[in-house]
Every structure is written in structure tokens, then in C-alpha cells.
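Heads up: the structure comes next, in C-alpha cells.
No lab work stands behind these numbers, since they all come straight from the coordinates. Source: prediction; values computed, not measured. Note that each Cβ is placed from the backbone with ideal geometry, even for glycine, and that neighbours are counted across all protein chains shown.
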Amino acid sequence: MRTTQTLVDEFAAAIAGPVRPAGDPIASFQTGLVHRPAVVVEPLGSSDVAAVLAVAHRRSLPLTVHATGHGLRAPADGGVLVATSRMAAVRIDPVQRLARIGAGARWPRSSLRRPRTACDRPPAAPRRWASPGTCSAGASG
């Protein structure tokens, strides 16, 4: 039988970020959802995420990712809630025109602090390419 403290200890040994028992229900942006996970993990980077996935898989635990709370369709009950808020780094390389935006970054941080030339429309691009002051981002593994 696994206890919450056993899970906390196992995740804490595997990752550098904070791990805690859920305790009180956790509200999200979607006010109709209340999460009641067994454990909340806050990875600091991709190696922490990989370790969380490995432990959750080994223990057959359900896993829910919680960034800003938008888009969650089902509550995280009894498993692992991965809170990405500590993975909020925004790095922009204007020379390569490459932006790396962490899973926990919020739009004001990612759009307002970029250099003006990093994601602007290329000279030959049509006018509908992007609105001034915005930058689209994708994800890669």
C-alpha cells in the first residue's frame, strides 16, 4: 500500500524541484474544477519532468499537467499534479530567430520582454504574418 508520504519521498528523491502532498483542494482557472491529487510536483526543467514521468509510470499513477489552469477538462484526483509554474524561463536568440518558452511562462512575460526584432515579420512576409508586438511559439521535445 502506498501512502502519500511515501509518494512525496519518492518524487523528492527523483527531482530537484519541490514536492508536496496536495493537502487542501487546488483550484484552477477553470472554477468548475477542483483538483485533489495525492502529490504535487514542481519540476525545474526537462530532466525533472522525465523523472516525474518515470516514477508515475512505474507506480501506475495518473498524471495531470497544470500550467496556468486553462484547458483542463478533468480534475486531477488521486494521482500526480505537475505544476509547471517554476519552468517559466523565456530565452530569445534574435540572431537565430529562436525563442524557447518554458511550460509555465505566462504571456505577459513571454511577449513583453522580447527584443523588438526577435519575432517580427520578415521583410518579404505578407502583412497578415503577425500583429505588431506578438510572437507565436511552438513546442519541441
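Mind ordering 99-105, 80-86 by average Cβ neighbours within 10 Å, highest first?
Ranking, from highest mean packing down: 80-86, 99-105.
Taking 0.36 nm per residue of sequence separation and subtracting the Cα-Cα distance, how much length would be gained by fully extending the chain between Q96 and T3, in nm to one decimal?
Values: separation 93, 0.36 × 93 = 33.48 nm, distance 4.82 nm.
Using 0.36 nm per residue and subtracting the Cα-Cα distance, I get 28.7 nm.
If each residue of separation counts as 0.36 nm, what is the full-extension length gain between A12 and V34 once their alpha-carbon separation is subtracted?
So the extension gain works out to 5.5 nm.
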